[in-house]
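Below: the structure, in structure tokens.
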Amino acid sequence: MFTRAVLHLDLDAFFVSVELLRRPELRGKPIIIGGQDRGVVASCSYEARKTGVHSAMPTKAALRLCPEAVVIRGDMEAYSKHSRIVTQLLAEASPVLQKSSIDEFYVDLSGMDQHFGCWKWSQELRQRVMRETGLPISMALAVNKTVSKIATGEAKPNGEILVPAGTERAFLAPLPVSRMPFIGKETQHKLAIRHILTIGQLSETPVDLLERIFGVHGRHIWERANGLDNSPVESYREQKSMSTERTFYENIGDGQELRDRLTALVSQLAFDLRQDQKLTACVAVKVRYGDFSTFTQQRAIPMTANDSVLMRTAQEIFNKLHDAKRPIRLLGVRFGDLCIGNQQTNLFDDTVREAQLLQRLDQIREKYGMGAVVRGVNTGAKKK
């Protein structure tokens, strides 16, 4: 019987590790990457985690737990650069590579055993990454993506685990259900009140009961708890930009209507950006007038996926392009210099309130559609 071999690799405390390459004197100290004052923690060192600090918590709260921590605002461009270096190294060596975030990768090694031995090959690859980049990385090899990802979490920091085929259930059984991907706090709570605390207990729960509690997601988590996952490792292709544009049935001359249309375009594209877990460092606006003359202008910005930042930038560009005397036929928006990242907001500047608001808006949009909620923005337009 054909057995898959899926390797999962995860750069340890990636943002912190990059900072330590640049500032080795901080090694061994508690470090917080994130916004100052009202900001949130984007990442932290293992020394800081030991005091209870974790990502997404307010920086002020983190400093109360760990007042001696060194707070670094962070440099997304540097992190993106190092991520690209690791990605290129892995892509050159791997038969099939999937990059699932800025610091996380899957490699499909199925069928290689007869040639090299998957585990030996994986160990050599990990050592090469650490040797050539100076970054610590953990990994695990198993029969599918779910088990290998969970195992990598157990291997951290800077470790490696092999889960031999056929031992998946035994490996997963003693682990808490919180170790499983895509199980949030609400799902954990519903399981806990039914005394389902470990993955082993979850795997032994009747699947029809889980389906009654969680719907179709119930079968999904039951399968994962039993070490079953047929999802493929999808070849990595880095998307450089994303864009959207609208051609109007009739040319529009009203400035406020045009700004409202632009806000809608940016809002939709920013939502798609976050759903794809990406950040952008460039905003471009395209304007086509009724005589088909077309103008485009772009602006570099700090890495972000924040509605308000992107809307404000787009509106400022539009104000420079817009000739109020000429009706417009088409409006377009493009986000460029994309980077994979699992942060939903500007990593270092957003306040806790802004981050929570954006998360709530996206939840509403996912449930009821984009038209359910619309954010306003200061357009920067001059009053006549």
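The values are calculated or read from the model by the stated rules, or taken from the named source; none is laboratory data. Keep in mind it's a predicted model, so treat the numbers as computed, not measured. When we count neighbours, we look across all protein chains shown, and the Cβ atoms used for this are built from the backbone with ideal geometry, even at glycine. To get the accessible areas, we keep the full protein, side chains included, count just its heavy atoms, and leave off ligands, DNA and RNA. Shrake-Rupley method; radii C 1.70, N 1.55, O 1.52, S 1.80 Å.
Might you let me know whether the range 166-181 holds any residue that is surrounded by fewer than 14 Cβ atoms within 10 Å (Cβ to Cβ), more than 29 Å from the chain's Cα centre (by Cα) and free of Cβ contacts under 8 Å to residues at least 24 places away in the same chain? Yes, because at least one residue in the range 166-181 is surrounded by fewer than 14 Cβ atoms within 10 Å (Cβ to Cβ), more than 29 Å from the chain's Cα centre (by Cα) and free of Cβ contacts under 8 Å to residues at least 24 places away in the same chain.
For residues that are within 23 Å of Lys278 (Cβ to Cβ), touching a His at 6+ places or on another chain (Cβ under 9 Å) and hydroxyl-bearing (Ser, Thr, Tyr), tally how many sit in the range 101-154. Qualifying residue count, the range 101-154: 3.
Considering each of Gln315, Gln297 in turn, give the residue that is of a type in the set (S, T, N, Q) and under 16 Å from Gln268 (Cβ atoms). Outline the logic, then answer.
Numbers: Gln297 fails: under 16 Å from Gln268 (Cβ atoms).
Only one candidate qualifies: Gln315.
Scanning the range 228-269 for residues that are among the charged types (D, E, K, R) and within 25 Å of Ala78 (Cα to Cα), we see that the one that is least open to solvent (accessible area, probe 1.4 Å) is Glu238. Among the criteria (1) over 18 Å from the mean Cα position of the chain (by Cα); (2) not in a loop (DSSP other than H, G, I, E, B), the one Pro95 does not fulfil is (2). Picking from residues in the range 299-327 that are of a type in the set (D, E, K, R) and open to solvent by 30 Å² or more (accessible area, probe 1.4 Å), the one that is nearest to Lys81 (Cα to Cα) is Arg299.
Examine the range 57-79 for a residue that is out of contact with any Gly (no Cβ under 9 Å at 6 or more places or on another chain) and among the hydroxyl-bearing types (Ser, Thr, Tyr), and state whether such a residue exists. Within the range 57-79, none of the residues are out of contact with any Gly (no Cβ under 9 Å at 6 or more places or on another chain) and among the hydroxyl-bearing types (Ser, Thr, Tyr). Give the number of residues within the range 270-298 that are closer than 26 Å to Asn251 by Cβ and surrounded by fewer than 22 Cβ atoms within 10 Å (Cβ to Cβ). Number of matching residues: 13. For the range 137-157, which positions are outside any strand (DSSP E or B), open to solvent by less than 30 Å² (accessible area, probe 1.4 Å), touching a residue at least 40 places away in the same chain (Cβ under 8 Å) and within 20 Å of Ser17 (Cα to Cα)? The answer is Thr152, and nothing else. The one condition from (1) within 18 Å of Met180 (Cβ to Cβ); (2) among the hydroxyl-bearing types (Ser, Thr, Tyr); (3) at pLDDT 95 or above that Ser101 does not meet is (3). On the stretch given as the range 1-24, residues that are farther than 16 Å from Ser101 by Cβ and of a type in the set (Gly, Ala, Ser) total 1.
For the range 95-112, the condition holds for no residue, the condition being that it is surrounded by fewer than 20 Cβ atoms within 10 Å (Cβ to Cβ), in contact (Cβ under 8 Å) with a residue 40 or more places away in the chain, of a type outside the set (A, V, I, L, M) and over 19 Å from Glu234 (Cβ atoms).
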